[in-house]
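The values are calculated or read from the model by the stated rules, or taken from the named source; none is laboratory data. These numbers were taken from a predicted model, which means no experiment stands behind them. Note that we place each Cβ from the backbone using ideal geometry, even for glycine, and neighbour counts take in every protein chain shown. Heavy atoms of the whole protein, side chains included, go into the accessibility calculation; ligands, DNA and RNA do not. Shrake-Rupley method; radii C 1.70, N 1.55, O 1.52, S 1.80 Å.
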Amino acid sequence: MDDLFQKRIKLIFYMFILFFSIKAILVPWSFFRASYFGFHDFGLISNFLANTAYGKLFFVDDNSLNHLSVHWTPTLILITPFFRIFESQYVMIFFGNLFCCAGVIYFISYTLKVIIKSLNSKLLISLLSLFLIFQFFANKYLNKNFISGHFEIFFIAFSIITLIMILENRKFYYILIPLFLALGVRQDMGLFLFFQILSLYFIPKKLNTINDNSKKLIPLYLLICVIYVFLSLKIFMPLMGAAKDLRATDFWSQWGNTWGEIIVSVLSQPVLVLETVAKSGAPAFNENFLYLGIFNPIQWVCVQIPGLLLFLANDTDKNHLFWYNSSMLLPGIYLATFFGLLNLLNFIIKKQPNSINIISGVIAIILFIFVIRMDRATNSPNYSYKTFENENNLENFNSVKKAIAQSCPYKTLITSADHQSIVFLPNSAKRYLLKNYSKSEIVIVSHLNPSDFGSEAGYQTFQKELKNIQEDKKFNLLYKDMHYSVFYNKERKVCRS
């Protein structure tokens, strides 16, 4: 390829970096402002990260427990210093999305190099470059991770970086850095990364960029994944107070009461497993990538295997990959889809050398569909910048903070809030959900709709807690507007109502 053409491809790539960096940071910021991050997990995650920054290692105030007894997440220490600098909880979203952006950009840069070497048609290379960019970055599953308010998004970044560094034959000790960072995102990430690394063996020989020396190291990476998962589940987490067979009955009780029973049950009922997977989010997930991975079938199957952990769960969010639950599978499906597509194109061109224009036309049509459907996200509003004035709930919340500051003689540190409002509390604040309102100095309640709580039972619980606060003689109304009611505990905090 001539230098001018390669410069054009680089220009496409740089425009992609600019556009999607904005897409990954500014669009989620508008979601945050509009309270689409109104799930309590986000508030509690920010709580234990802020507590870590202030010396209480991974402690969750609301549950009075150490987060490491539920999820082993040492990688998150990387961002905790910023919780002493910034008060907005958006800091976690910012860094999670930024790292994810960097990982996917690294992946796209690798794929562009491979297709330039693999194909001769400039038209096909140009269209395929755009196709890969939009297919792998503007798909609904990645969009949803950008606005999920969860920490698993860090795995997308570090897993992709690990896989591409292996494909690029980087030095062993360099690869260990993203490898351990990926494993440290959660105790079970080694399961997903194991199969993703294993799948590198099944890349077609003509397309595989791994040399013999790097291939010899793959068993060592696999062993590290296994050892890390074992140590996390059997030693590190129990030391922090984790229960035996943690989460087994929470999401997989239909298969057994312990992890051992669940594994035996799954292995002994292959037909039921296939039926369950067929009814899960697996078909939609693969459809989103046009089932292209099937054209490199062994690799495609390999990266799907750990997905059984999700597809066989009894929770809709997990088995349909809502919110952040696709993050663990995205790096693997990216690889399988890319090499499956390239394998297919090479096969067609070899059999029909004159078919390049037809292939280019088909890719152009699919690319057009991707562009016009780029705002999609699973189980969420359209992924587009929120500009409506009535959606700026952060601005409404700032009026609450201003009223508290004017009425109370010193800074409020202990606050309870509903699931939606808790995400706006400052990082330095000690925070609880409404069920622990009696521990608080200030209680902030947003007037929400039943749909905001996910179920009628959740909404009824909220109404019950609100009634308790209003009837509790220790609490006085401090501030009220069309969006919020704020109460203060007159025995714990002196405020002028």
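Given their separation in residues at 0.36 nm each and the Cα-Cα distance between them, residue 64 and residue 254 gain 65.4 nm when the chain is fully extended.
Relative contact order of region 103-251, taken over Cα pairs closer than 8 Å and 6 or more residues apart, is 22 percent. A dipole drawn for region 396-489 from +1 and -1 charges on Cβ atoms has a positive end, and of 432, 488, 410 the residue lying farthest that way is 410. Accessible surface for the chain, divided over its residues, is 45 Å² per residue with a 1.4 Å probe. Using Cβ point charges alone (K and R +1, D and E -1), the dipole size of the chain about the Cα centre works out to roughly 1020 debye.
Between residue 171 and residue 461, the simple label model (points 7 Å from Cα in the Cβ direction) yields a spacing of 5.2 nm.
Counting 0.36 nm for each residue step from residue 77 to residue 476 and taking away their Cα separation leaves a gain of 139.8 nm.
Taking Cα atoms only, the orientation of helix 3-33 departs from the longest principal axis of the chain by about 20 degrees. Restricting attention to region 396-489, the count of lysine pairs at 8 or more positions apart or across chains with alpha carbons under 16 Å apart stands at 14. Region 127-164 and region 255-316 have their alpha-carbon centroids 21 Å apart. Against the chain, whose longest principal axis comes from its Cα atoms, helix 153-167 is set at around 20 degrees. Extension gain, residue 121-residue 314: 0.36 nm per intervening residue step, less the Cα-Cα distance, totals 64.7 nm. The C-alpha atoms of the chain define a longest principal axis, and helix 356-372 lies at about 10 degrees to it. Between residue 305 and residue 211, the modelled labels are 2.9 nm apart [label points 7 Å from Cα along Cα→Cβ].
The chain: longest stretch without exposed chymotrypsin sites (Phe, Trp or Tyr not before Pro) (DSSP loop, at most 12 other Cβ within 10 Å), sites themselves excluded?
Free of exposed loop sites, the longest segment is 1-387.
Of the trypsin sites (Lys or Arg not before Pro) found in region 324-427, those that fall in a DSSP loop while having at most 11 other beta-carbon atoms within 10 Å are 411.
Ranking 62, 250, 212, 472 from most to least accessible surface, computed with a 1.4 Å probe over the protein chains only, gives 212, 250, 472, 62. If you count Lys pairs in region 33-180 whose Cα atoms are under 30 Å apart, skipping same-chain pairs closer than 8 places in sequence, the total is 7. Protein heavy-atom surface of region 306-464, 1.4 angstrom probe: 56% of the accessible area is carbon and sulfur, with nucleic acids and ligands not counted.
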